[in-house]
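Bear in mind that the values in this text are calculations on the coordinates, not laboratory data. Remember, it's a predicted structure, so these values are computed and weren't measured experimentally. Here the Cβ is made from the backbone with ideal geometry for all residues, glycine too, and neighbour counts use every protein chain on show.
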Amino acid sequence: MDIVVLAGGLSTERDVSLTTGNMVTQALREKGHRVILLDVFLGYHDTEEDIRDIFAHSEQASVTVKGIPEIAPDLAQIRSSRKDQSNVFFGPNVIAMCRMADIVFLALHGENGENGKIQAAFDLYGIKYTGTGYLGSAICMNKKIAKQFFRQAGVPCPQGISMKKSERADRFAKTGLTLPCVVKPNCGGSSIGVSIVRSEQEYTQALDEAFSYEDEILIEEYIEGREFSVGVIEKKALPVIEIAPIEGFYDYRNKYKAGSAVETCPAELPEEVTKEMQRYAELVSEQIGLDTYARVDFLLDSENRMYCLEVNTLPGMTPTSLLPQEAAAVGMSFPELCQRLIELSI
Ligand SMILES: Nc1ncnc2c1ncn2[C@@H]1O[C@H](COP(=O)(O)OP(=O)(O)O)[C@@H](O)[C@H]1O
Ligand SMILES: [Mg+2]
């Protein structure tokens, strides 16, 4: 098949996405496909003639990827580096190349990519893509709305409130919550802008931080405990994985710096807890209508009460990412997993 792996873009998770894209590209090439790794925002060259027969030189046409720096990318700099300086999100030749592919593997994370807008645009362009459609993507991107679906499915999640920038209240008492709490952007990802708050003063700083990314934020009860994730493919849960950061919580650095978190799969949990977490993950996928794949994140407190945190509709897909580790635990190699997601989506 001729496949475009679409990555990069303009979200804070840009670098993570390029790394995912690079790994997926290599895996799909191993499976015998002609694969182009394409940056959705920067695109490919400037003129249309450049792309005739492009899949014949898929390797030269692909972007090169350096790895994930420890800090989030400078998006203004990326924006200004695009030659055409157009305000169209799709870079030069992106739509044309995606239309030439048999399918587009979405290796995007965060914002445009995970929020359903690209999926909706592709539906209208007649472009096939991997993963959840536009509506499921949009629901999961908005944590406030996603939590309503969790509750409807009978799946517990942390108590909390949302706050708009225009209604910002700096007095913690107004939230009706108790400390410690968690402040986070409503539609963010990769823990960017997330703070664990232990005092009034930290609370104000956390509001500044979260509002610097978005106009709507969530303030939640802090669940002290262990952190887990459950991949769901074709509505069936994979083994549970536990993520235990060595220092602090599961922030951007701990997510992407090798060796900063201990990941155990299958997680060491009583069987009934595992089963329940898997059932919750399937219920959530069912309720939101996630038909290909997704990853559902949970917290578990010391009394084995679980809380669904969020659903990632385009989870990280490097061989050491969580979902690929879970697939490996049932004997599915990374290239097999990528191939399976292509087949499912087609
Ligand atoms: N209510 C909470 N209680 C405890 N920890 C939380 C809570 N919400 C988020 N966290 C921590 O912050 C991390 C990121 O939060 P999450 O809601 O998953 O947003 P993101 O989309 O940025 O991954 C989680 O993996 C967890 O470690
Ligand atoms: Mg998360």
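Quick rundown of the values:
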{"item": "Part-to-part distance (alpha-carbon centres) for region 7-56 and region 63-80, which is given in Å", "result": "15 Å"}
{"item": "Mean Cβ neighbour count within 10 Å, used as a protection proxy, ranking 26-34, 80-88 highest first", "result": "26-34, 80-88"}
{"item": "Region 187-346: radius of gyration over Cα atoms, expressed as a fraction of 2.2 N^0.38 Å", "result": "1.08"}
{"item": "Region 243-325: GluC sites (Glu not before Pro) falling in loop per DSSP and having at most 16 other Cβ within 10 Å", "result": "Glu247, Glu268, Glu303"}
{"item": "Volume per residue of the C-alpha convex hull in region 160-221, rounded to whole Å³", "result": "66 Å³"}
{"item": "Structure-based [θ]222 nm, the chain - -39500 (n - 2.57) summed over DSSP H runs of at least 4, per residue, nearest 500", "result": "-10000 deg cm²/dmol"}
{"item": "Given charges at Cβ of Lys, Arg, Asp, Glu: the chain dipole, positive-most of Cys308, Phe90, Ser58", "result": "Phe90"}
{"item": "Spin-label pair Arg151/Arg99, simplified geometry with 7 Å Cα→Cβ offset, distance in nm", "result": "4.4 nm"}
{"item": "For region 97-231, alpha-carbon Rg relative to the globular expectation (2.2 N^0.38 Å, N residues)", "result": "1.23"}
{"item": "Whole-Å semi-axes of the ellipsoid equivalent to region 2-130 (Cα gyration tensor, √5λ, descending)", "result": "20, 17, 15"}
{"item": "Highest-first arrangement of 333-344, 160-171, where packing means the average Cβ count within 10 Å", "result": "333-344, 160-171"}
{"item": "Cross-link partners of Lys165 among aspartates and glutamates (Cα-Cα below 12 Å; sequence separation of 8 or more within a chain)", "result": "Asp208, Glu209, Glu214, Asp215, Glu216"}
{"item": "Alpha-carbon Rg with Dmax, taken over the chain, Å", "result": "20.0, 63"}
{"item": "Gyration tensor (Cα) of region 255-336, equivalent ellipsoid semi-axes in angstrom", "result": "20, 17, 13"}
{"item": "Calculated log₁₀ intensity ratio I(q)/I(0) where the Debye formula runs over C-alpha points of region 294-346, q = 0.21, 0.22 Å⁻¹", "result": "-0.82, -0.86"}
